[in-house]
2 protein chains.
Amino acid sequence: MTDDTMTIGEMCRAFDVTPRALRFYEQKELLNPIREGQNRFYTPRDRARLKLILRGKRFGFSLAEIRDLLELYHLGDGQITQLSATLEAAERHHADLTAKRDELATAITELEQQIQMIRKMLAERSNPRSAAE
Amino acid sequence: MTDDTMTIGEMCRAFDVTPRALRFYEQKELLNPIREGQNRFYTPRDRARLKLILRGKRFGFSLAEIRDLLELYHLGDGQITQLSATLEAAERHHADLTAKRDELATAITELEQQIQMIRKMLAERSNPRSAAE
DNA sequence: TCGTGACTTGACGTGCGCGTCAACTTGATC
DNA sequence: GATCAAGTTGACGCGCACGTCAAGTCACGA
């Protein structure tokens with residue numbers, strides 16, 4: 001076994017990112033792989049964080065925001081640092097996400113109405129007589 | 001009545017954006033207000049489009065993507081241009097949004113678990129004996 | 001020993017989404 | 001007629017999230 005760490009190349013293939021991006025995230029303190037000499041070795045924890053990074057990006061969060069949020073997820077595994085402050089931050093993030101979810105639901109509903117309209121127009125175009133119904 | 005159009009300043013106050021942003025969106029062909037001499041007058045249609053622009057930004061879409069999507073929403077009001085192609089594009093966008101919705105739901109669930117963990121840790125901290133249960 | 005391939009550290013470049021001047025016009029008010 | 005607010009067109013600047021070189025290190029097999 002390879003000690004369950006991964007090289008930068010393996011990470012890139014696994015997550016479809018470039019080495020440049022991984023080093024950039026490290027510089028911005030979103031990742032901190034083990035440094036053995038010059039080389040980097042990414043632990044399972046790094047992988048979990050990268051998943052969250054990419055997810056956060058998809059939802060339009062900046063890397064700075066994501067870095068702060070990663071602190072929250074991180075302390076699940078034992079650290080007892082300012083728990084109540086962390087709870088507050090987590091709840092703010094939760095409110096943020098649920099608001100986004102609601103807005104997304106609205107957007108989806110509206111889009112579905114648009115699609116229905118287009119379907120109707122197509123139907124009337126292919127069979128104009130049915131417009132009487 | 002003021003012809004139901006708005007000046008750039010009114011738009012900025014209504015949507016909390018800068019004039020610079022509105023002119024930028026116009027340059028990128030996301031908006032096209034009426035030009036009366038030098039000045040711009042934004043119609044209800046511009047306002048509807050701006051709403052969608054800002055929403056799209058919140059979901060992490062680029063302005064170029066949003067511009068393309070606006071074409072879809074637009075043709076609801078009469079134009080019959082490539083209806084079936086439009087339907088396809090709309091359905092792709094729909095798939096995109098629902099995927100985002102599902103991923104967001106996952107993220108929210110995970111965050112809620114984290115919050116539960118933090119609450120538990122706080123409870124045990126304030127009343128350590130209950131850890132025996 | 002000599003590639004070769006994977007990795008490294010700078011350092012500059014790039015596209016996006018505007019911010020921020022400067023210099024000007026235009027209509028209303030004193 | 002002067003002023004002032006609101007708008008205009010360039011044009012340069014900036015922060016973010018990397019891309020893209022150049023130049024070097026290091027382990028490995030032929």
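The values are calculated or read from the model by the stated rules, or taken from the named source; none is laboratory data. For clarity, every value in this text was computed on a predicted model and none was experimentally measured. Here the Cβ is made from the backbone with ideal geometry for all residues, glycine too, and neighbour counts use every protein chain on show. Accessible surface areas use protein heavy atoms only, side chains included; no ligands, DNA or RNA. Shrake-Rupley method; radii C 1.70, N 1.55, O 1.52, S 1.80 Å.
Taking region B:122-133 only, how many residues are at pLDDT 85 or above and touching a helix residue (DSSP H, G or I) at 6+ places or on another chain (Cβ under 6 Å)?
Here the count works out to 1.
A:ARG47: open to solvent by 90 Å² or more (accessible area, probe 1.4 Å) and either away from chain B (no Cβ under 14 Å) or touching a strand residue (DSSP E or B) at 6+ places or on another chain (Cβ under 9 Å) (or both), yes or no?
When the stated conditions are applied, A:ARG47 does not pass them.
Assess whether B:LEU75 counts as being assigned by TED's automatic domain parsing to the domain that holds B:MET6, open to solvent by less than 30 Å² (accessible area, probe 1.4 Å) and among the hydrophobic types (A, V, I, L, M, F, W, C).
In short, yes.
Please work out if A:TYR73 is at the interface with another protein chain (Cβ under 10 Å from one of its Cβ atoms), aromatic (Phe, Trp, Tyr) and in contact (Cβ under 8 Å) with a residue 12 or more places away in the chain.
yes
For region B:76-90, enumerate the residues that are farther than 19 Å from A:ILE108 by Cβ and either polar (S, T, N, Q) or modelled with pLDDT of 70 or more (or both).
Hits for region B:76-90 are B:GLN79, B:THR81, B:GLN82, B:LEU83, B:SER84, B:ALA85.
Can you name the residue in region B:23-47 that is among the aliphatic types (A, V, I, L, M) and in contact (Cβ under 8 Å) with a residue 24 or more places away in the chain and, of all such residues, is nearest to DNA strand C (Cβ to nearest atom)?
Per the stated criteria, the residue is B:LEU30.
Identify all residues within region B:11-44 that are surrounded by 14 or more Cβ atoms within 10 Å (Cβ to Cβ) and part of a helix (DSSP H, G or I); write none if there are none.
B:MET11, B:CYS12, B:PHE15, B:ALA21, B:LEU22, B:ARG23, B:PHE24, B:TYR25, B:GLU26
Output the number of the condition that A:ARG67 fails; it satisfies all remaining conditions of (1) of a type in the set (D, E, K, R); (2) within 15 Å of the chain's Cα centre (by Cα); (3) within 16 Å of DNA strand C (Cβ to nearest atom).
For A:ARG67, the exception is condition (3).
Report yes if some residue within region A:62-69 is modelled with pLDDT under 95 and either more than 7 Å from chain B (Cβ to nearest Cβ) or not in a helix (DSSP H, G or I) (or both); otherwise report no.
yes
For region B:82-118, what are the residues that are facing another protein chain (nearest Cβ under 7 Å), basic (Lys, Arg) and without any contact (Cβ under 8 Å) to a residue 12 or more places away in the chain?
B:ARG101
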